[in-house]
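The block underneath contains the structure these notes are about, expressed in structure tokens.
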Amino acid sequence: MEKAIEEAYLPRLYERYVNQIVPEISALAGTTNRLALPRIEKIVISMGFGRAATAGEKGRLEEVVGHLSQISGQKPVVTVSKKAVSSFKLREGMKIGAKVTLRGNRAFEFLDRFITVALPRVRDFRGVSNKGFDGHGNYNLGVTEQTIFPEIQADRVQYSQGMNITIVIKNATDEQALDLLKRFGMPFRT
């Protein structure tokens, strides 16, 4: 029953993609095959623990995992170091970060909230950089603190923590991915 309700719901950004953006970019590309068009495959949100790995602050680890789950609506995976680096006081197997991979409706919901609610809350916001593409159509950007998301109560945050957001776009060059994100409403600097 719950799955049927979830399938019936379509995020606002996904409806816009299907009804407005797909016809526009298919006319530009000259193809009717929707699977050959650029589309969002997944969004990966990751946070590093910073000093928590070396200082052994368990409270920081729990706070970062809790904030990431509130922001994404999904339980994060704690990442561990693969090898030891003595200059960073890092041992193999230490917990060093957390990440969440969003797909489907959750990815579109997060992107919609990020563009319309979180980014306008950034102080002195002038747009995101258009230099975050990796050559394969994927876009990376960093956020300096998690309090820009309305799910996080700023007065209860003990540790201000940044995060990296990677938007993986399938079937796109950097220019096509930039065009797709602009059509979604991503506010790039001019």
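Points to keep in mind about this one:
- Of the candidates G59, G50, G66, the single residue that is under 23 Å from E151 (Cβ atoms), small (G, A, S), modelled with pLDDT under 80 and part of a helix (DSSP H, G or I) is G59.
- Against the test of being among the acidic types (D, E) and touching a residue at least 40 places away in the same chain (Cβ under 8 Å), the options E151, E145 yield a single qualifying residue, E151.
- Enumeration of residues in region 129-142 that are of a type outside the set (S, T, Y) and within 20 Å of R39 (Cβ to Cβ): N130, G132, F133, D134, G135, H136, G137, N138, N140, L141
- Test: D155 is outside any loop (DSSP other than H, G, I, E, B), modelled with pLDDT under 90 and over 15 Å from M186 (Cα atoms): yes
- Residue match in region 122-129 (condition: under 24 Å from F49 (Cβ atoms) and within 13 Å of the chain's Cα centre (by Cα)): no
- Flag if G162 is touching a strand residue (DSSP E or B) at 6+ places or on another chain (Cβ under 9 Å), at pLDDT below 85 and either surrounded by fewer than 19 Cβ atoms within 10 Å (Cβ to Cβ) or more than 17 Å from F108 (Cα to Cα) (or both): yes
- If you go through region 74-120 and keep only what is aliphatic (A, V, I, L, M), out of contact with any Pro (no Cβ under 7 Å at 6 or more places or on another chain) and either under 19 Å from Q161 (Cα atoms) or part of a loop (DSSP other than H, G, I, E, B) (or both), you end up with V77, V78, V80, A84, M94, I96, A118.
- Residue count for region 166-190 satisfying the condition of being at pLDDT below 95, surrounded by 12 or more Cβ atoms within 10 Å (Cβ to Cβ) and either touching a His at 6+ places or on another chain (Cβ under 6 Å) or of a type in the set (V, I, T) (or both): 1.
- Residue within region 141-153 that is surrounded by 15 or more Cβ atoms within 10 Å (Cβ to Cβ), over 17 Å from the mean Cα position of the chain (by Cα) and within 19 Å of P76 (Cβ to Cβ) present: no
The values are calculated or read from the model by the stated rules, or taken from the named source; none is laboratory data. Quick caveat: nothing in here was measured; it's all calculated off a predicted structure. All Cβ positions, even for glycine, are placed from backbone atoms using ideal geometry, and neighbour counts span all protein chains on display.
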